[in-house]
Amino acid sequence: IWCISKPGSPVGSLEAALNFACGEGGADCGSIQGSGACFQPDTLESHSSFAFNSYFHKHGRNFWNCYFNNNALLTVSDPSK
């Protein structure tokens, strides 16, 4: 199961959720920085999906760890494909 950004989320809300996940949320966001392995595609949706999924797995893979103020959803389809 993966936690990804919800399509159509407002940009400002998605940015705030990404900042939370990578900041106080403690997600490992190094891979989506500048020359990181997962920097491309360089989109807010892609980077927030990576951060949300990192946070989700770090905090126990509970459905409530994939909410991000209604900017995320769970999927069983591998989003990297």
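Among the residues of the range 58-80, are any under 10 Å from the mean Cα position of the chain (by Cα) and in a helix (DSSP H, G or I)? Checked the range 58-80: no residue is under 10 Å from the mean Cα position of the chain (by Cα) and in a helix (DSSP H, G or I). If the condition is being open to solvent by less than 30 Å² (accessible area, probe 1.4 Å) and either without any contact (Cβ under 8 Å) to a residue 24 or more places away in the chain or in a helix (DSSP H, G or I) (or both), then the range 19-36 contributes ALA21, ILE32, GLY36. From the set of residues in the range 55-77 that are without any contact (Cβ under 8 Å) to a residue 60 or more places away in the chain and open to solvent by 100 Å² or more (accessible area, probe 1.4 Å), which is farthest from CYS3 (Cα to Cα)? Out of the qualifying residues, it is ASN69.
Take SER9 and decide whether it is of a type in the set (Ser, Thr, Tyr), surrounded by 14 or more Cβ atoms within 10 Å (Cβ to Cβ) and not in a loop (DSSP other than H, G, I, E, B). Considered against the rule, which asks whether it is of a type in the set (Ser, Thr, Tyr), surrounded by 14 or more Cβ atoms within 10 Å (Cβ to Cβ) and not in a loop (DSSP other than H, G, I, E, B), SER9 comes out as no. Taking the listed residues PHE39, PHE52, the one that is of a type outside the set (A, V, I, L, M), assigned to a helix (DSSP H, G or I) and surrounded by 13 or more Cβ atoms within 10 Å (Cβ to Cβ) is PHE52, with no other qualifying.
The values are calculated or read from the model by the stated rules, or taken from the named source; none is laboratory data. Please read all numbers here as calculations on a predicted model, not as lab measurements. Note that we place each Cβ from the backbone using ideal geometry, even for glycine, and neighbour counts take in every protein chain shown. With ligands, DNA and RNA removed, areas are computed over all heavy atoms of the protein, side chains included. Shrake-Rupley method; radii C 1.70, N 1.55, O 1.52, S 1.80 Å.
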